[in-house]
Every structure is written in C-alpha cells, then in structure tokens.
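What follows is a set of notes on a single structure, which appears directly below.
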Amino acid sequence: MVHKSINRLQYLCEIIPPLLNEIPEKEFSFKPSPIKWSKKEILGHLIDSATNNHQRFVRIQFEDLPSITYNQDNWNNHSYHNKMNSEHLIKFWELYNRHLVELVKLIPKENLTRKSLTDDEKTVTLEWLIEDYVHHLEHHLKQIVNYN
C-alpha cells in the first residue's frame with residue numbers, strides 16, 4: 001500500500017503548486033475569523049505536518065516506540081505562515097513533500113512494520129503513518145483548492 005501513497009504524493013507535488021499559485025494573495029491570506037486558519041495557514045500547517053512526520057518516518061526506524069507529538073495551533077501561530085511570502089511557502093511545501101517521497105521510497109520493507117505512538121497514545125506502524133500522512137494532506141489541500 002505504501003507505493004500507492006508514494007505515487008499519490010508525487011502526483012500532488014505536480015498538480016498542487018500551480019493551483020496554489022493561482023490564488024490571489026488577498027484570498028490566500030484571508031482569515032475567516034481570528035481563530036480560523038487562512039488558506040496560507042492551512043498550507044503552513046501542512047508544512048508543519050511534513051516536518052513532524054519526517055521525524056516520525058526516520059526515528060521509528062531506529063527507536064523503540066517513539067512518541068512524536070506536536071501542538072498544531074502553537075506550531076502554526078509561532079511559524080508565522082500568514083506573514084510569509086506565498087511563493088516561498090508553496091515552493092517549500094512542494095520541495096519538502098518531494099523529499100518525503102524520496103525518503104519513503106528508500107525505507108526497507110521490513111521497517112514499515114515498526115511501531116510508534118500517536119498523539120492519542122495509539123500504537124501504529126510506519127506504513128500506517130505514511131498512508132495517514134497522505135490522507136491528512138489531501139483532507140487539508142481540499143480546503144484550499146479543487147483537484148482530482
């Protein structure tokens with residue numbers, strides 16, 4: 001199943017950046033309310049997710065049952081995504097996810113069954129984390145742009 005996630009992530013890295021680049025800056029940065037994220041902050045959240053999942057994908061291969069959690073609101077608030085240049089965020093999102101594709105391609109099959117703890121203390125495999133990462137990514141991308 002990991003190969004499907006890899007292929008999907010590669011596909012997203014191709015089609016999403018041009019769609020994001022079409023969003024006018026005013027719309028990309030607009031916050032529907034003080035406690036809701038702008039589209040730019042949603043993209044920033046996906047960068048934060050990539051950062052934390054990168055750690056998970058690597059550390060689970062050599063640590064016994066790592067628990068890597070993060071407070072998504074604090075990460076977003078203190079990363080100042082909404083104040084950053086949109087082009088920079090879009091390129092960074094794309095490059096980070098292309099890097100994750102290359103990393104996941106190289107993970108030995110036997111390591112995909114290694115386990116980690118989630119934020120809610122469930123035990124999951126590395127394979128599950130990779131698949132969940134792509135599902136989570138798509139959930140949020142669909143809040144920003146329309147695609148198939």
Review point. Hey, with R₀ at 35 Å, roughly what FRET efficiency would residue 83 and residue 113 work out to, going by the Cβ-Cβ distance, to 0.05?
Key: 0.25
Exercise for review: Specify the inter-centroid distance of the stretch 1-69 and the stretch 98-121, based on alpha-carbon positions, in whole Å.
Suggested key: 16 Å
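Per the helix-only calculation at 222 nm, which mean residue ellipticity applies to the chain, given -39500 (n - 2.57) for every DSSP H run of n ≥ 4 and division by its residues, nearest 500 deg cm²/dmol? Can you show the working numbers first?
Details: 6 runs with 94 residues, N = 148.
Using -39500 (n - 2.57) per qualifying helix, the result is -21000 deg cm²/dmol.
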Exercise for review: Name the longest site-free stretch of the chain, where the excluded sites are trypsin sites (Lys or Arg not before Pro) in a DSSP loop with no more than 16 other beta-carbon atoms within 10 Å.
Suggested key: 37-121
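Check each of the GluC sites (Glu not before Pro) in the stretch 95-148 and keep only those in coil by DSSP with at most 15 other C-beta atoms within 10 angstrom; list them in order.
Details: sites: 102, 110, 121, 127, 131, 138; in loops: 121.
Loop-located and lightly packed - 121.
Count charges around residue 50 for me, please; just the other residues with Cβ under 12 Å from its Cβ, Lys/Arg as +1, Asp/Glu as -1. If you can, show how the numbers build up before the last one.
Working: positive: 56, 98; negative: 48, 94.
Net charge in that neighbourhood comes out at 0.
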Practice item. Order by neighbour count: 103, 126, fewest other Cβ atoms within 10 Å first, most last. Key: 103, 126
Revision key, fill the gap. Ranking 128, 50, 88 by how far each Cα lies towards the positive end of the charge dipole of the chain (+1 on Lys and Arg Cβ, -1 on Asp and Glu Cβ), the top one is 88
Review point. Which translational diffusion coefficient, to the nearest whole µm²/s, is obtained for the stretch 96-148 from the Stokes-Einstein equation, given a Kirkwood hydrodynamic radius over C-alpha pairs, 4 °C and 1.567 mPa s?
Key: 103 µm²/s
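Work out how much length residue 36 to residue 142 would gain on full extension: take 0.36 nm times their residue separation and subtract the Cα-Cα distance, in nm to one decimal. Numbers along the way, then the final one.
Details: separation 106, 0.36 × 106 = 38.16 nm, distance 1.59 nm.
So the extension gain works out to 36.6 nm.
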Review point. Taking only Cα atoms, what is the 0 to 90° angle, nearest 10, from helix 39-59's long axis to the longest principal axis of the chain?
Key: 20 degrees
Review point. Roughly what angle does helix 86-106 make with the longest principal axis of the chain, taking Cα atoms, 0 to 90 degrees, to the nearest 10?
Key: 10 degrees
Check your understanding: Looking at the stretch 33-91, which chymotrypsin sites (Phe, Trp or Tyr not before Pro) are DSSP coil and have at most 15 other C-beta atoms within 10 Å of their C-beta?
Key -> 62, 70, 80
**Study point:** Over 27 Å (Cα to Cα) - which of 91/142; 39/91; 40/115; 83/142; 115/142; 26/105 fall in this group
**Key:** 40/115; 115/142; 26/105
**Study point:** D (Stokes-Einstein, µm²/s), Kirkwood Cα radius, the stretch 46-108, 1.002 mPa s at 20 °C
**Key:** 165 µm²/s
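Kindly provide the GluC sites (Glu not before Pro) of the stretch 1-98 that DSSP labels as loop, not H, G, I, E or B, and whose Cβ sees at most 14 other Cβ atoms within 10 Å. Present the calculation step by step, with values, prior to reporting the outcome.
Values: sites: 14, 22, 25, 27, 41, 63, 87, 94; in loops: 22, 63.
Those that pass, being in a loop and sparsely packed, are 22, 63.
Every number in this text was worked out from the coordinates using simple rules, so none of it is lab data. Since this is a predicted model, take the numbers as computed values, not measurements. We place every Cβ from the backbone using ideal geometry, glycine too, and count neighbours over all the protein chains shown.
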